[in-house]
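For reference, the structure is listed below as structure tokens.
The values are calculated or read from the model by the stated rules, or taken from the named source; none is laboratory data. Since the structure is predicted, the reported quantities are computational estimates derived from the model, not experimental observations. Cβ: placed from backbone, ideal geometry, glycine included. Neighbour counts: every protein chain shown. Just the protein is used for accessible areas: all its heavy atoms, side chains included, with ligands, DNA and RNA removed. Shrake-Rupley method; radii C 1.70, N 1.55, O 1.52, S 1.80 Å.
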Amino acid sequence: MNKPLILIVEDEQQIRRFVRSALEREGLRVGEAATRREGLIEAGRGKPDLVVLDLGLPDGDGAAFVEDFRTWSSAPVLVLSARSTENDKIDVLDAGADDYLTKPFAVGELLARVRALLRRGRSNPESEAARVAFGDVEVDFSRRQVSRRGEPVKLTPIEYRLLGLLIANAGKVMTHRQLLREVWGPAYSDSSHYLRIYVGHLRHKLEDDAAQPRHFLTETGVGYRFQL
Amino acid sequence: MALPRLLIDSRPHPSWWRYARAVLACGLTAGLAFPFHESLDLPNTVMLFVMTVVLVAVKAGRGPAVLASVVSVALFDFLFVPPRFSFAVTDGQYLLTFAVMLAVSLIVGQLTAGLRSQAHEADRREQVTRALYELARKLAGAMTVGQVDDALRHFLDAQCGARSSLLIAAGDTGPTLAGEPGVALDRLDWQTVRMVCASQQAVMSSALDAAGLCRHFLPLTGATRNRGALVVSVAAALGEMRPLLEAVASLVSTAVERLHFVEVAHAAQVDAMSERLRSSILSALSHDVRTPLTALYGMADALATARPPLPAEAQETAAAIRDQALRLNGMVGNLLDMARLQSGRVQLRREWQPVEEVVGASLKLLGPALADHPVRITGLDALPLLEFDAVLIERVFCNLFENAAKYAPPGTPIVLEADAGPETVELRVRSGGEGFAAERLDKVFDLFERGRPESAVAGMGVGLAICQSIVAAHGGTIRAFNPPGGGACVAFTLPRGCPPAIESESLPPEGGTP
């Protein structure tokens, strides 16, 4: 099988350089672009398996890039964000990006995210597997059963729906709005306290320590990430 | 004061002259008619006299018309009715003629004089209205309070010979003079002005001052609040001034209010511009500083984790560069946050959420920094939902945990406790170690102050100041103390507010299979 192709869209050359060398060391092919325009052209030519996208591009914001890119590709997009405002991250995630890393970031963390996204991209049907296990929890979708350490766990319909959605998007950051829309419907997209309470329920039922979760992770001000 | 005043009855001649003219007019009519008494019928002579009375009424008004009626009847009797040159009357019918003539003269004279005075009044009103309109036009074009004052003075002087002082309410300091004081104000007057401003009621004093004038104090009532007061000094006799003065006061207050809002809008615009500038500088700074830091950190990290590994010394150096870059990044972040918070207008993105979630997020964010300290959390799951900005409160927890980990000896636990009071929720982060230096306890939240200035631990004294700004922006309080058991504790409160109702959802009837 061909080595996956990663496209880096980043205007700062030094950052491009170390990201490229880290990815190449991982055995991946790497393409580069310094602007949004170049990035779109490069993406159209190379059909990358994953895009690493800087949010602070000189010729336009990242959300616009993702919107364009999403019209013809479903390859995962990992956003590098130097900005501290959560709104930009939400915008780019709502536009269809999959995950983000806040600058500065460790190489190991970057590679872990890239690997996770590539795995998702390659084996999408995995999320529809009948059984998923994480920690000491096992979810059997065919029988609609959740158990923890072999004991059945009772979930309400909403909790079950939320759990299913998070598992289906494991490794990906889901914004509050995306989750609310999918589970509660569009009318609830501003009632984020519902979401927070139900994620709290899931944590209390399925995590060892609800205050220090290992699977239902909070992306503060943005949304949640479920990690298998 | 010698100028004709619209509001002062402007008859140019003294009244005795008007009466004299009435008498003269009657005499003149008699003199003109006398040579023709042979050819003129008496009824026509009567007509001439009645017409004279009408003319007198038109020219000289009501009183002279009455006099002219009486004089006309007398002259008619004396000069024209036989026997002539005597008031005696031979034919009794003439008595009826006199009575009718007198009655007609009086009635026609009265009506005419009434019309005249109405016309006069209407004229006067129209002129006042025109002058008011002119004032309104000037006030609408006024760009400063000084111009308002000028227009007002000019109007009052021209229309009623009054002088005025315009006082503008300015914030909490009370009313201040706009322009020159046209009326000198003593202490008592100032007191009256303040009272008028507070009560919004006009004070029309009837007491005369040294110059024989009396003072009226009118409030300038704005749409939302009092805008000041108007002091008018005017000749005492003018009771009908009040409606005019009130109209003027209302025009002036509209003008002053308009100027006030123009000023407010201008200030807001300037504010918004400087705010935009500040935030764009901050975000540019943040981007420009973070970009090289990201490259530095990433490259050092790549070296430190290179496969195959670098020689041990080089690897350690790379790791040290990476850690220093991360520290620098933390400091820059703190300073930028502080700058943002201190710029005064933090936009809080308040949402109802459990505290537990931000605590978890901040513990995860700190990660390895807390490796040496077990974290114990109690009471969090019993808390109600609170309304706060998750990103900022996460920052508070990060700073508190980080501080605790930095200053407490390795291995000692960090404890987070929560208590829900009736109005607020208190969260306490407790750690071991020496605690704060006792004499600095009240200063630890000041910018660039540190709990232990001589401490070997690196720090700038920004973290707790940031915490305080954030907590204060949420309407909470923060305090630091050394608990009796030793160590340090920082406690902050958040208001409970009214959490939104949540529709509860019940478990499905048969267990385990939703």
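Tabulated data
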{"quantity": "Pairs, first at the interface with another protein chain (Cβ under 7 Å from one of its Cβ atoms) in the range A:10-23, second basic (K, R) and crowded, with 18+ Cβ neighbours inside 10 Å, C-beta under 9 Å, six or more apart", "calculated": "A:I15/A:K103"}
{"quantity": "Residues within the range B:31-48 that are part of a loop (DSSP other than H, G, I, E, B) and of a type in the set (F, W, Y), tallied", "calculated": "0"}
{"quantity": "Strands (runs of 3 or more DSSP E) wholly inside the range B:114-232 containing at least 3 residues that are assigned by TED's automatic domain parsing to the domain that holds B:R242, in contact (Cβ under 8 Å) with a residue 40 or more places away in the chain and within 17 Å of the chain's Cα centre (by Cα)", "calculated": "B:163-169"}
{"quantity": "Any chance B:Q110 is in contact (Cβ under 8 Å) with a residue 60 or more places away in the chain, part of a helix (DSSP H, G or I) and either surrounded by 13 or more Cβ atoms within 10 Å (Cβ to Cβ) or on the phi < 0 side of the Ramachandran plot (or both)", "calculated": "no"}
{"quantity": "Residue match in the range A:151-170 (condition: farther than 15 Å from A:V137 by Cβ, modelled with pLDDT under 90, open to solvent by 20 Å² or more (accessible area, probe 1.4 Å) and within 12 Å of chain B (Cβ to nearest Cβ))", "calculated": "no"}
{"quantity": "Options A:V132, A:V137, A:V107; residue that is within 13 Å of another protein chain (Cβ to nearest Cβ), touching a residue at least 60 places away in the same chain (Cβ under 8 Å) and open to solvent by less than 50 Å² (accessible area, probe 1.4 Å)", "calculated": "A:V107"}
{"quantity": "Top-ranked residue in the range B:37-60 [being more than 25 Å from B:R84 (Cα to Cα) and β-branched (V, I, T); ranked as least open to solvent (accessible area, probe 1.4 Å)]", "calculated": "B:V56"}
{"quantity": "Conditions (1) surrounded by 16 or more Cβ atoms within 10 Å (Cβ to Cβ); (2) modelled with pLDDT under 80: number failed by B:G222", "calculated": "(2)"}
{"quantity": "Cross-chain or 6+ apart pairs with Cβ under 8 Å, the range B:290-319 first and away from chain A (no Cβ under 13 Å), then open to solvent by 70 Å² or more (accessible area, probe 1.4 Å) and part of a helix (DSSP H, G or I)", "calculated": "B:L310/B:L303; B:A314/B:L303; B:Q315/B:L303"}
{"quantity": "Only listed residue being loosely packed, with under 14 Cβ neighbours inside 10 Å and modelled with pLDDT of 80 or more, chosen from B:Q191, B:Q147", "calculated": "B:Q191"}
{"quantity": "Members of the range A:182-228 found to be buried (at least 18 other Cβ atoms within 10 Å of the Cβ), more than 10 Å from chain B (Cβ to nearest Cβ), touching a residue at least 60 places away in the same chain (Cβ under 8 Å) and not small (G, A, S), listed by number", "calculated": "A:L206, A:H215, A:R225, A:F226"}
{"quantity": "Filter result for A:L179 (more than 9 Å from chain B (Cβ to nearest Cβ), surrounded by fewer than 18 Cβ atoms within 10 Å (Cβ to Cβ) and either touching a strand residue (DSSP E or B) at 6+ places or on another chain (Cβ under 8 Å) or touching a residue at least 60 places away in the same chain (Cβ under 8 Å) (or both))", "calculated": "no"}
{"quantity": "Residue list for the range B:367-386, filter: open to solvent by 20 Å² or more (accessible area, probe 1.4 Å) and either part of a helix (DSSP H, G or I) or touching a Cys at 6+ places or on another chain (Cβ under 9 Å) (or both)", "calculated": "B:G367, B:P368, B:A369"}
{"quantity": "A:V52 crowded, with 24+ Cβ neighbours inside 10 Å, more than 22 Å from A:T218 (Cβ to Cβ) and within 14 Å of another protein chain (Cβ to nearest Cβ)", "calculated": "yes"}
{"quantity": "In the range B:377-396, the residues that are more than 10 Å from chain A (Cβ to nearest Cβ) and not β-branched (V, I, T)", "calculated": "B:G379, B:A382, B:L383, B:P384, B:L386, B:F388"}
